[in-house]
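The values are calculated or read from the model by the stated rules, or taken from the named source; none is laboratory data. Predicted model, so just to flag it, every value in this text is computed and none were measured. Here Cβ is always computed from backbone atoms with ideal geometry, including for glycine, and neighbour counts include all displayed protein chains. Note: accessible area is taken over every heavy atom of the protein model, side chains too, but ligands, DNA and RNA are not part of it. Shrake-Rupley method; radii C 1.70, N 1.55, O 1.52, S 1.80 Å.
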Amino acid sequence: MKKIAFLGPEGTVSEESTRYFFSDMTVELVPFKLISDVFLATESGKTNYSVIPIENAIEGSVSLHMDWLVHEVDLPIQAEWTYPSRQNLIGNAKELGSDLSNIKKVYSHPVAIAQCKPYLKSHLPDVEFEYVSTAEGVRIVKNNPNKGYTAIGTDLAAKKYGLNVLSKHIHEHDDNFTRFMLVGKESLTEIKKTKHIKTSILVTLPEDYPGALHQVLSTFAWRRINLSRIESRPTKKKLGSYYFYIEIEESLDSILLTAAIQEIEAIGCKVRTLGCFPSFSYVND
């Protein structure tokens with residue numbers, strides 16, 4: 001059975017999205033508290049794959065996770081998918097009843113709380129907030145009955161701790177999706193099929209070549225190869241030195257993409273391929 005590392009504790013959006021993606025497969029999910037431990041579990045062979053949140057529709061790129069993928073480990077990207085960040089107000093319905101005025105405190109991650117500001121301002125204007133992870137907040141509510149505690153978190157966390165969803169989908173933006181990447185050393189042959197294939201590369205420009213970035217982009221443009229993302233990040237070698245992370249809507253098997261990469265290398269750029277992988281959109285059941 002394949003082992004999948006994810007950012008815990010249990011009941012997080014990372015776990016919920018992982019269960020969604022592997023719904024057709026029998027796998028063992030292994031939670032870790034730190035993203036470094038998630039990566040290292042797969043790098044060391046303790047798990048077969050790691051699930052990494054890489055980008056959020058509202059918050060943008062997760063720079064720490066990107067840096068780990070680029071600088072700290074050698075784990076090719078095997079797949080990616082998107083999953084909605086749905087926030088719910090969770091508590092003990094028997095204890096609180098239907099009157100939200102009995103709620104004294106809300107536990108959750110600061111990002112999750114920020115995503116629910118309009119609802120909280122309208123329905124819980126005077127409550128106290130305490131910042132923890134979403135799953136940890138639900139656990140605290142479970143272990144502290146009769147105190148008027150609630151949490152903001154996932155449906156999965158509510159089920160795991162035997163609590164109730166007092167108010168469903170209280171987040172402000174329905175299109176708040178997170179993009180997850182599956183990284184690991186072995187290809188996932190059991191994965192479901194899709195025609196949407198992407199390739200991710202890192203391009204480091206030569207220092208003494210004016211206009212190199214323009215030429216790199218032109219290489220894709222005249223071949224009509226679509227780039228879905230381009231982002232600069234420091235190489236960590238010296239101030240002002242950057243690499244460019246580029247996502248390409250094309251398979252690495254494509255003759256056009258192979259030629260484009262060769263042309264980029266010909267002008268002195270260094271190119272590192274992070275993966276060629278299937279990309280899945282979320283299907284609302």
- Query: Quick one: accessible area per residue over the stretch 1-111, 1.4 Å probe, rounded to a whole number of Å²?
  - Reply: 42
- Task: Can you tell me the 0 to 90 degree angle between the C-alpha axis of helix 134-143 and the longest principal axis of the chain, rounded to 10?
- Result: 20
- Item | Of all accessible heavy-atom area on the stretch 159-233, the percent that carbon and sulfur account for (1.4 Å) | 50
- Query: Taking 0.36 nm per intervening residue step and subtracting the Cα-Cα distance, what contour gain separates residue 98 from residue 71 on full extension?
  - Reply: 4.7 nm
- Message: Using Cα-Cα distances under 8 Å and only pairs 6 or more residues apart, what relative contact order does the chain have, in percent?
- Response: 22
- Task: Sum -39500 (n - 2.57) across every DSSP H segment of at least 4 residues in the chain, then divide by the residue count to get the 222 nm mean residue ellipticity, nearest 500.
- Result: -7000 deg cm²/dmol
- Note on the structure: Taking the dipole of the stretch 239-278 about the Cα centre (Lys, Arg +1; Asp, Glu -1; charges at Cβ), the one of 273, 260, 241 that reaches farthest to the positive side is 241
- Using a simple charge model, +1 on the beta-carbon of Lys and Arg, -1 on the beta-carbon of Asp and Glu, nothing else, what dipole does the chain show about its Cα centre, in debye to the nearest 20? 400
- Note on the structure: Given a 1.4 Å probe, the accessible area of the stretch 175-273 per residue, as a whole number of Å², is 57
- Query: Distance in nm between label sites at residue 61 and residue 259, each 7 Å beyond Cα in the beta-carbon direction?
  - Reply: 2.9
- Query: Placing +1 at every Lys and Arg Cβ and -1 at every Asp and Glu Cβ, with all other atoms neutral, what dipole size does the stretch 110-264 have around its Cα centre, in debye to the nearest 20?
  - Reply: 380
- Query: Got a number for carbon plus sulfur as a percent of the stretch 29-77's accessible area, 1.4 Å probe?
  - Reply: 51
- Compute the FRET efficiency between residue 146 and residue 24 as 1/(1 + (r/R0)^6), taking r as their Cβ-Cβ distance and R0 = 45 Å, and round to the nearest 0.05. 0.60
- Note on the structure: Ranking 44, 200 from most to least accessible area with a 1.4 Å probe gives 44, 200
- Message: I'd like the per residue volume of the convex hull spanned by the Cα atoms of the chain, given in cubic angstrom.
- Response: 152
- Backbone N within the stretch 19-56 under 19 Å of label point (7 Å from residue 231 Cα along the Cβ vector): 35-40, 50-56
- Query: Rounded if a/c is under 1.5, else prolate if a/b is larger than b/c, else oblate: which is the stretch 122-176, with a ≥ b ≥ c the root eigenvalues of its Cα gyration tensor?
  - Reply: oblate
